[in-house]
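To start, the structure under review is shown below, and the notes come after it.
The values are calculated or read from the model by the stated rules, or taken from the named source; none is laboratory data. Treat the numbers as computed from the prediction; the structure is a model and nothing was measured. Here the Cβ positions follow ideal geometry from the backbone for every residue, glycine too, while neighbour counts run over all protein chains shown.
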C-alpha cells in the first residue's frame, strides 16, 4: 500500500482537527462579527485588533503563548485544567484549539462581510414592530448572514488543514495521536528516503483542498441563485 497506517491516521487527524476547530470557532465568530458590525461600544478598535492579531503573528508565537497558558504553570492550566483533571497539551484537542485561534480572523471577516451587506432598514423595521434583539438576530441577521457563515466555515476548515507552526508547539508531532498531514510531511522531508511518501501526502492534501474549494464555490453559486 502507498500509505502506511500512520499516514492514514495523519489524514484522518487533519480532517478531524480542521472540523473541530471550525465548529469551536463558529458560535464565537458569529458573536464577535455581530458585535463588530452592529455594536456601539468603547474598545471596538481594540477588539478588532485582537481578533485580527493572529493574521500578523507567526503561528509559532501563538503556539508558544498557548503552551504557556495551558501548561501546568500557566494561568488556565494551573487554575482550571488541573482542577478539572483535563489534559490538553500534546493531544489532538490542543491542535484543534491552536487551529481555531489561527483561523479565527478568517471566519470573523467572512461573517462580518455577510452582516455588513444586510439592509439596516430590515433590522430597524423588525425592532420597531416589537421584535427583541434575539428575535431580530434569529429571524433576520442569521438567515441573511448564511453566505458569510458558510464562506467563513469553509475558509476556516481549509486553513485548518494546513496549520503547522502552532500545532507542533502545543501538540507535538506524535504519529497516530497528534501528527497531521503537514507534520507528517515535515517528518518525511527531513528523511533522505521520504520523498515518495511526501509526494503522496502532498497529492492527498491538494485533492482535499480542491474538494473544499469546489464545495465553497458550489455553495456560493447556490446562494447567489437563491437571491
Only residues that are free of Cβ contacts under 8 Å to residues at least 12 places away in the same chain and either surrounded by 20 or more Cβ atoms within 10 Å (Cβ to Cβ) or within 18 Å of residue 151 (Cβ to Cβ) (or both): list them for segment 80-109, please.
none
Selected residue (criterion: nearest to residue 100 (Cα to Cα)) from residues of segment 128-165 that are in contact (Cβ under 8 Å) with a residue 24 or more places away in the chain and not in a helix (DSSP H, G or I):
163
Return only the number of the condition from (1) modelled with pLDDT under 90; (2) surrounded by fewer than 21 Cβ atoms within 10 Å (Cβ to Cβ); (3) closer than 19 Å to residue 105 by Cβ that residue 148 does not satisfy.
(2)
Filtering segment 110-127 down to residues that are closer than 27 Å to residue 167 by Cα and without any contact (Cβ under 8 Å) to a residue 60 or more places away in the chain yields 110
Go through the residues of segment 170-181 one by one and say whether even a single one is in a helix (DSSP H, G or I), farther than 18 Å from residue 2 by Cβ and modelled with pLDDT of 90 or more.
yes
Against the definition (modelled with pLDDT under 90, surrounded by 16 or more Cβ atoms within 10 Å (Cβ to Cβ) and touching a helix residue (DSSP H, G or I) at 6+ places or on another chain (Cβ under 7 Å)), how does residue 77 come out, yes or no?
yes
Filtering segment 38-52 down to residues that are under 21 Å from the mean Cα position of the chain (by Cα) and in contact (Cβ under 8 Å) with a residue 24 or more places away in the chain, which residue is farthest from residue 137 (Cα to Cα)?
52
